[in-house]
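A quick write-up on the structure given underneath.
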Amino acid sequence: MGFALGTKMANGQCKTQQDYEADFDAIKFQSDATMVRGYSAADCDMAKHALAAAKAKGFKVMLGIWPDVEASFKRDLAAVIAVASSYPGTLYAVTVGSETLYRRNFTGAELADKISTVKAQLPEGVKVGTADTWNRIADGTANAVLGVSDILLINAFAFWQGAARNDAPRILFDDMAQAVRRVESELKGDKDKIPEIWGGETGWPTSSDSHYEDAVGGLDNARYYYQHGYCGIVNWGYNAFYFEAFDELWKPMSVGKNGHAADETTWGAMTADRKAKFSLKC
């Protein structure tokens, strides 16, 4: 198990190595987890600072490369290359793209080419793959990336599917199952070809002002979803990341498809000052 991790402090300033070390101390103490994932290796020099902190604290890191724009792809790839050889065992994997197929920024074949480009420039032992939504994997959109990916992160948010609290864990499990079945079917059950599968993102906002159809945010609902949904995936036997470790108070409001302004700042399992909102041990 692990947590998605932002690159900025509550005031919007970039995190330092010391900030990441404090993050890791809190995550380990509250959850026993020792794995985190990021989204852009170059953003706020995450690759440099987070990996140094992770090595000091016994953590592993999945770095992200944002391929949607060529300039960001090159920046993130350069940031990963700069640290990859220095942190064997600490740099666990690199994800090329985060829901880029969901946004239709690439075809599966185009994303597969990006993944192959990254793999060719990193040391052996660093897993390379992608993260995308369960439905883009289940409907075959991601088929082309399966054969070139060492690792595949499956994102599934029952909240954004409008699930009521008591239905949300079941919907999460079904999402994961559909995606995994498609992967296994496409690769004909060949264990040598099937990428390492993780739950890439799932979570629930703790602000009661956040809602989408029947999904209602709030501390109690988030606790329920964490314990029965997220921990359910972990107890099912899958590694999984919770979105996210800490509240990100610097984030602006966003507007969902329902036209409702959604609070993006309270998805953390912990507050911005690293206090757990509920028990984080599965």
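The values are calculated or read from the model by the stated rules, or taken from the named source; none is laboratory data. The model shown is predicted, which means the values in this text are computed figures rather than measured ones. Because the Cβ atoms are built from the backbone with ideal geometry, glycine has one as well, and the counts that use them run over all protein chains shown.
With the structure loaded, tell me whether T130 is surrounded by 22 or more Cβ atoms within 10 Å (Cβ to Cβ), modelled with pLDDT of 95 or more, of a type in the set (S, T, Y) and closer than 17 Å to D76 by Cβ or whether it fails that test. Yes. Listed by first and then second residue, the pairs linking a residue in region 211-238 that is within 14 Å of F159 (Cα to Cα) to a residue that is acidic (D, E), with Cβ atoms under 7 Å apart and 6 or more places separating them unless they lie on different chains, are G217/D209. Among the residues of region 184-216, which ones are crowded, with 22+ Cβ neighbours inside 10 Å, farther than 22 Å from Y92 by Cα and not small (G, A, S)? Those that are crowded, with 22+ Cβ neighbours inside 10 Å, farther than 22 Å from Y92 by Cα and not small (G, A, S): W204, P205, T206. Scanning region 75-107 for residues being surrounded by fewer than 19 Cβ atoms within 10 Å (Cβ to Cβ), touching a residue at least 12 places away in the same chain (Cβ under 8 Å) and farther than 25 Å from A54 by Cβ gives a total of 4.
Residues that are buried (at least 19 other Cβ atoms within 10 Å of the Cβ) and closer than 12 Å to M1 by Cβ within region 233-244 comprise I233, A240, F241, Y242, listed in sequence order. With respect to being surrounded by fewer than 20 Cβ atoms within 10 Å (Cβ to Cβ), basic (K, R) and either in contact with a Leu (Cβ under 8 Å, 6 or more places away or on another chain) or part of a strand (DSSP E or B) (or both), K281 falls outside the description. Each residue in region 217-231 was checked for being surrounded by fewer than 20 Cβ atoms within 10 Å (Cβ to Cβ) and either touching a helix residue (DSSP H, G or I) at 6+ places or on another chain (Cβ under 7 Å) or part of a helix (DSSP H, G or I) (or both), and 7 pass.
Among the residues of region 27-40, those identified as under 12 Å from F59 (Cα atoms) and assigned to a helix (DSSP H, G or I) are I27, K28.
For region 114-127, filtering for residues that are surrounded by fewer than 17 Cβ atoms within 10 Å (Cβ to Cβ) and either under 24 Å from I171 (Cβ atoms) or of a type outside the set (S, T, Y) (or both) leaves 5. The condition (being closer than 30 Å to Y87 by Cβ, of a type outside the set (A, V, I, L, M) and within 16 Å of the chain's Cα centre (by Cα)) is satisfied by just one residue among G199, G125: G199. Could you please find all residues in region 237-264 being of a type in the set (A, V, I, L, M, F, W, C) and modelled with pLDDT under 85? The answer is M253, V255, A261, A262.
Scanning for something of a type outside the set (A, V, I, L, M, F, W, C), farther than 19 Å from I151 by Cβ and touching a Phe, Trp or Tyr at 6+ places or on another chain (Cβ under 9 Å), does region 75-85 turn up at least one residue?
Yes.
Of the residues making up region 11-26, those that are crowded, with 16+ Cβ neighbours inside 10 Å and outside any helix (DSSP H, G or I) number 1. Within the option set T130, T107, being within 20 Å of the chain's Cα centre (by Cα) and among the β-branched types (V, I, T) holds for one residue only, T130. So, G125, is that one over 16 Å from Y238 (Cβ atoms) and among the small types (G, A, S) or not? In short, yes.
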